[in-house]
Amino acid sequence: MSLPSSRRVALPPREAARVAKAAGSARIVQAGHERLIVTYSVRDDVVCVLTPPGEDPAAVLRAARLVLPDHTYEELAIHLGVSAEWPSE
C-alpha cells in the first residue's frame, strides 16, 4: 500500500512506530492526525483511520461508510465501540 511521496502522511516517530507495528498484525490501524481520513486497501483488507484527538466515533463511521464494505464497516464499529446501525430518519 505505497502512496506517492506527495500523498504520504508524516506522523511523529513514536506514532509511526506504533502504526507500523499494528499494521503488521491488525486489520484496523488507527492513528492521530489533524484531519479525519479513512482509507481501505482491498488487496490487504486493511483499514487506516487517521483522526484528530477526541474525534467523535460516529463521525469516523459516517466517513468510513463511504469507503468500506459492510463486513469491514461492522468490524470498525466494534473497534470504535459504537453501533454500526444507521439512525432512522
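The values are calculated or read from the model by the stated rules, or taken from the named source; none is laboratory data. Since the structure is predicted, the reported quantities are computational estimates derived from the model, not experimental observations. Note that each Cβ is placed from the backbone with ideal geometry, even for glycine, and that neighbours are counted across all protein chains shown.
Key figures
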item: Residue that is nearest to the chain's Cα centre (by Cα), among those in region 51-61 that are within 13 Å of L80 (Cα to Cα) and not in a helix (DSSP H, G or I); result: T51
item: Matching option when the condition is crowded, with 16+ Cβ neighbours inside 10 Å and modelled with pLDDT of 55 or more, among V42, V46; result: V46
